[in-house]
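S.K.: Structure incoming, see below.
The values are calculated or read from the model by the stated rules, or taken from the named source; none is laboratory data. For clarity, every value in this text was computed on a predicted model and none was experimentally measured. Cβ atoms come from the backbone with ideal geometry, glycine included; neighbour counts cover every protein chain shown. Accessible surface areas use protein heavy atoms only, side chains included; no ligands, DNA or RNA. Shrake-Rupley method; radii C 1.70, N 1.55, O 1.52, S 1.80 Å.
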Amino acid sequence: MDIVVGVSGGIAAYKSVHLVRILVKAGHDVTVVPTEDALRFVGAPTWEAISRNPVTTSVHDDVAKVRHVALGQGADLVVVAPATANTLARMAAGIADNLLGTTLLAATAPVLVAPAMHAEMWAHPATQANVRTLVERGVHVIGPDDGELAGGDTGPGRMSEPEAVAEAALRLLAPQDLAGLRVAVSAGGTREPIDPVRYLGNRSSGRQGVALAVEAATRGAAVDLIAANLAGDVLALAARPRIRIRPVATAAELSAAMKEAAVTADAVIMAAAVADYRPAQAAPHKLTKEDGILDRIDLVENEDVLAALGAARRDGAGPDGQILVGFAAETSADPEARRERARRKRERKGADLLAVNLADAEHGFEKPDNAVELIGPDGEVVAEVAGSKRRVAAAVWDAVLSLRR
Ligand SMILES: Cc1cc2nc3c(=O)[nH]c(=O)nc-3n(C[C@H](O)[C@H](O)[C@H](O)COP(=O)(O)O)c2cc1C
């Protein structure tokens, strides 16, 4: 797992050297993001040697890799230890003028803070209010412990011991319940060329498919992501060691790539929006009004990729089978009508699960949120989930796992 350890400027920074060591020894890829002040306590060479990763503090380092957000986006967990009163205040206010600040704002993974400061600073209403704000936002807090503080004082403010911080951190990591599985996920929308500059396409951004891929990789699966025309910022979210990305453009390319990936896949999810039809002929040159043929495009039907995967799949149940999941965007506001269409579609395509999502003004295409009902093998609704596409992805993988069992 990818863990970011933020270190701010307190004496307890030396304790985090041991924390990083524990996390690295447990097999995690740890990147340390110190504040400038933290480097006055423990220097960059120590962090680099212990974490085996480069260490920078500024948003202006490694700009080509958009490090200021990439670190947070790619993290499975962020731990801030020690968290100074200053850094807690900056977190509560969302200040982003150093690499730790931008990383924390870009992170969607769980965040754990281990405060460390003098007892008076900890007890101050400002610090207490900041911690309350962070907790309300879902940040986890460990400590501080009561005990000996820098300068001979005692009281609550001492950073929890590295072993305890590591244990709390590892508890927050996603379960590795998909470890050992290979999965194939399609994302995005296909484009069927009319001529070299025009195409028939759809509004799918690929965010739901990417969320499915990222969730699977986070939970330990090896993922083939068949990516149909994803924008750079969406594709960047999938840049993880366990995700192999295969870009495709047309329905035919997507079909070929999915079939190839499906051969070895334990689960296959078709989240891409595939064109049902394509122009019978793609003109080799840009068509103009003078050509007189732009007012009419002859179409031919594309292969039904989900049905083809359904026909070729291994039986769903058990460890040797393959679970197949389809997605269907529906615009009907009547939930029972949506369910009924989804039941028929699931059967027709030979899928185990069909995720029906309502594509309206708030949900579905190009939106961060989705609302999905999962129709199971007996036509029943096995799960209903609304919220972020990542949350929907988690529910889909939970349903896949319970079918495998
Ligand atoms: C010797 C020394 C020890 C310090 N220890 C702490 C500490 O344990 N906790 C804290 O909140 N601030 C402590 N400070 C103050 C912080 O270093 C200061 O607030 C700094 O601006 C924090 O910056 P940062 O949060 O960006 O790392 C200490 C300062 C010095 C000089």
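S.K.: Once the principal axes of the Cα atoms of the chain are found, what is the range along each, listed largest first in whole angstroms?
M.R.: 84, 52, 38
S.K.: Next up: Divide by every residue of the chain the summed helix terms, -39500 (n - 2.57) for each DSSP H run of at least 4, and state the resulting mean residue ellipticity at 222 nm, rounded to the nearest 500 deg cm²/dmol.
M.R.: Values: 14 runs with 142 residues, N = 405.
Per the formula, -10500 deg cm²/dmol.
S.K.: By how many nm would the segment from residue 203 to residue 58 grow when fully extended, if each residue of separation counts as 0.36 nm and the alpha-carbon distance is taken off?
M.R.: Working: separation 145, 0.36 × 145 = 52.20 nm, distance 3.71 nm.
Full-extension gain reported as 48.5 nm.
S.K.: Further question: What full-extension length gain, to one decimal in nm, is calculated for residue 167 and residue 154 as 0.36 nm per residue of separation minus the Cα-Cα distance? Walk me through the numbers before you get to the answer.
M.R.: Values: separation 13, 0.36 × 13 = 4.68 nm, distance 2.49 nm.
Between residue 167 and residue 154, full extension yields an extra 2.2 nm.
S.K.: Can you work out the accessible area per residue across the chain, with the rest of the protein chains kept in place, probe 1.4 Å, in square angstrom?
M.R.: Numbers: 18540 Å² over 405 residues.
Using a 1.4 Å probe on heavy atoms only, each residue of the chain averages 46 Å².
S.K.: Within 10 Å, count the other beta carbons around each residue, average over each peptide in 266-279, 174-187, 36-49, and list them highest first.
M.R.: Working: 266-279: 23.9, 174-187: 20.9, 36-49: 16.3.
So the peptides 266-279, 174-187, 36-49, ranked by packing, come out 266-279, 174-187, 36-49.
S.K.: For the range 68-114, give the percent of accessible area contributed by carbon and sulfur heavy atoms, probe 1.4 Å, rounded to a whole number.
M.R.: Numbers: 760 of 1320 Å².
Percent of accessible area from carbon and sulfur atoms in the range 68-114: 58.
S.K.: Hey, another quick one. What percent of all Cα-Cα pairs in the range 113-159 falls into each 10 Å bin, going from 0 up to the bin containing the maximum distance?
M.R.: 29, 53, 16, 1
S.K.: Here is a follow-up. In debye, nearest 20: dipole of the chain around its Cα centre with unit charges on the Cβ of K, R (+) and D, E (-)? Working shown, then result.
M.R.: Numbers: 44 positive and 52 negative charges, 116 e Å.
About 560 debye.
S.K.: Points 7 angstrom from Cα along the Cβ direction at residue 283 and residue 332: gap in nanometres?
M.R.: The answer from the label model is 3.9 nm.
S.K.: In terms of the ratio Rg/(2.2 N^0.38 Å) built on C-alpha atoms, what value belongs to the range 128-216?
M.R.: Values: Rg = 24.2 Å, N = 89, 2.2 N^0.38 = 12.1 Å.
This ratio for the range 128-216 stands at 2.00.
S.K.: Please give the charge dipole size of the range 206-286, origin at the Cα centre, charges +1 on K and R Cβ atoms and -1 on D and E Cβ atoms. Round to the nearest 20 debye.
M.R.: The calculation lands at about 140 debye.
S.K.: Something else now. Full extension from residue 26 to residue 14: what is 0.36 nm times the residue separation minus their Cα-Cα distance, to one decimal in nm?
M.R.: Here the answer is 2.4 nm.
S.K.: Now for a separate question. Bin width 10 Å, origin at 0, all Cα-Cα pairs of the range 182-404: what percent of pairs per bin?
M.R.: With a bin width of 10 Å, the distribution comes to 8, 34, 36, 16, 5, 1.
S.K.: Among 312, 201, 220, flag the residue with its Cα farthest along the positive direction of the charge dipole of the chain, charges on Cβ as +1 for Lys/Arg and -1 for Asp/Glu.
M.R.: Value: 312.
S.K.: Do you know the Lys pair count in the chain for C-alpha distances under 23 Å, with sequence separation 8 or more or different chains? Let's see the in-between values first.
M.R.: Numbers: 15/25; 259/345; 259/349; 345/389; 367/389.
Lysine pairs meeting the criterion: 5.
S.K.: Peptides 280-292, 126-138: what's the order by average Cβ count within 10 Å, highest mean first?
M.R.: On the way: 280-292: 10.8, 126-138: 14.5.
Those peptides, ordered most packed to least, come out 126-138, 280-292.
S.K.: About its Cα centre, how strong a charge dipole does the range 2-173 have in debye, to the nearest 20, once Lys and Arg get +1 and Asp and Glu get -1 at the Cβ?
M.R.: For this selection, approximately 280 debye.
S.K.: Just to compare against my own numbers: the Cα pair-distance distribution for the range 2-173, 5 Å bins, whole % per bin, please.
M.R.: Spelled out bin by bin, the range 2-173 gives 1, 10, 19, 24, 23, 14, 7, 2, 0, 0 percent.
S.K.: Carbon and sulfur together cover what percent of the accessible area of the range 149-199 at a 1.4 Å probe radius? Don't skip to the end; give the middle numbers.
M.R.: On the way: 1150 of 2210 Å².
The computed percentage sits at 52.
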